[in-house]
Every structure is written in structure tokens, then in C-alpha cells.
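What follows draws every value from the coordinates through simple rules; no lab data is involved. Since the structure is predicted, the reported quantities are computational estimates derived from the model, not experimental observations. Don't worry about glycine lacking a Cβ; one is built from the backbone with ideal geometry, like all the others, and counts go over all protein chains shown.
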Amino acid sequence: MHREVHQWHSPRLDKNMEVAVYGHYGFALLMFPTAAADYLEYERFHVIASIAPFINAGKVKVFSINSINNESWLNDSMHPRYKAIRHQQFNSYVAEEVVPFIHAHCSGQVSIITAGASFGALHSANTLFRRPDLIDGCIAMSGSYDLKDYTNGYWDDDVYFNSPIDYLPRLTDPHLLDLLRAKKHIHFVSGQGAHEKPSSAVDIGNILTEKGVPHEIDLWGADVRHDWPWWRKMLPHYLETRF
């Protein structure tokens, strides 16, 4: 498998940020880490190995980025307002630095599907819903789509506009809705076992149905836990059967 690691100093985050790239061709799969993890997390936990056949066949090219969750919502030493500011800076980094990097690396505009597990699922879905002009779909695994689950009671506009369960019901912009309604790959998958929250996927699905946005809610069994062995099954299943 072709593998590269790139890094640059992000002006929006004021720090070096790495991106691991796997593969040589195919649509771009932009992967967000879980919790406070880094750009190599999906490699360490063998998710990249689980989708290697699709990477090697040129079906998909993977871009796995760093998180800054430990500098925002997972940093209990920060005031919540500064956590929200940092979260917004990360959004700008993805939209204004990572997406252009993907297009440049692929020698032109390419379809980008976001993906992630746990906190990465929230980022993948939120990135799509906020910027459907840049992102073509998502594979969100075992996520909660309510940012308030991470804010310890703090609330402001930056929380609201990054919490899909809150802002999507009130989304009325016809341009954004038309872009979302044209998507073919909005997938939410969750187990129903230990530490999973399938109601989050159901709730976001109900909102999308009301908005006329096509999507898939896929609930796996009661034995499916919030853990890596299942994410190593979910992602290749979707790449094989939906793309």
C-alpha cells in the first residue's frame, strides 16, 4: 500500500498538523480520529488494514488527519468559551487547508467523503452538514451528534452551530438544503451494545427525513460494542457495499 505523511504549520491553528495519506487513486475518504487521538490512530488500530483491499484497488484514497479535541472539548483546564473558539479554528483548518490539500494531492477536484468513529463521527457529520459545498457524504460510526454531550453544560452560538441535533431542525437555507438533498452517501451506523448510543443515529435520521435529505440509518445488533473490532467491520462493509 502506498503511504505518505505530510505536515505543515497551520496558520488557523498555529501549530504543525500532520496528514497520513494511503493509496494512489479513488475518491477521497477524509478520516477524523476518535477522542484525543492523532492522525495515525486508524492505522494503529488496524482500520487502515481492514480497508486495504479497497485502497490497493484504487477505489478509495484515504486522508487521515490529526484532531485537536484535547485542545478543545476534552481539555477540562480550558474555559468553555475558548474550547468553542478552538473548535471553530479546527473547522476552518479542515475547510480551508485540508480540503485544498486533498484536491492538490489528487490533481484536481475529487469527491470527498468524511468518516470517523465516536467523536470522529460527530466531526465527519458536522463537516458535511456545515459545508455540503465541499463534502459529498459521510460514514459516521457510533457517534453522538449532540455537541452538548461534550460541553458540560456550556452553551453559546459556536456550540449551537456545531451541534447537528440542534441546528439541523432549524436549517432553512434553500441552497444548503438543495446541496444536502443531492447527496447519495449519508450513512449513520451504530451498534446497540455496550457504550453505544443508537438513539443518536435515529434522532439525526428523523431530522434528515423531515428535511427531505436522503440518508441511511443502520443499527447493528445488541452484541455490537463501542469498540475497534466493530469499526474494523463497519467501514469495509460500507466501502464494499455502498460505493
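The table that follows gives values for the structure above.
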read-out: Segment 3-241 - charge dipole about Cα centre, Lys and Arg +1 at Cβ, Asp and Glu -1, debye rounded to 20; value: 340 debye
read-out: Straight-distance crosslink candidates among aspartates and glutamates, where the alpha carbon sits under 14 Å from K59 and sequence neighbours closer than 8 are dropped; value: E240
read-out: Longest exposed-site-free window of the chain, the sites being trypsin sites (Lys or Arg not before Pro) in a DSSP loop that have at most 14 other C-beta atoms within 10 Å; value: 1-183
read-out: Candidate lysines for bridging to K211, where Cα separation is under 24 Å - those fewer than 8 sequence places away on the same chain excluded; value: K148, K183, K184, K197
read-out: Cα lying deepest toward the dipole's positive end in segment 3-241, options F90, P164, G58, charges on Cβ; value: G58
read-out: Long-range tail of P(r) for the chain (Cα pairs > 30 Å, %); value: 19 percent
read-out: Cut-off 11 Å between beta-carbons: net charge of the residues surrounding M17, Lys and Arg +1, Asp and Glu -1; value: -2
read-out: Expected 222 nm ellipticity per residue - DSSP helices of 4 or more, -39500 (n - 2.57), all of the chain, to 500; value: -10000 deg cm²/dmol
read-out: Highest-MSF residue in the chain out of A121, A28, A95 [GNM, Cα springs under 10 Å]; value: A95
read-out: Taking the chain and dividing mean pair separation by its residue count, relative contact order in percent (alpha carbons under 8 Å, at least six apart); value: 17 percent
read-out: Three-way shape call for segment 118-231 based on the alpha-carbon gyration tensor, with the a/c threshold at 1.5; value: oblate
read-out: Most positive-pole-ward Cα, A140, Y154, A182, against dipole of segment 120-187 from beta carbon charges; value: A182
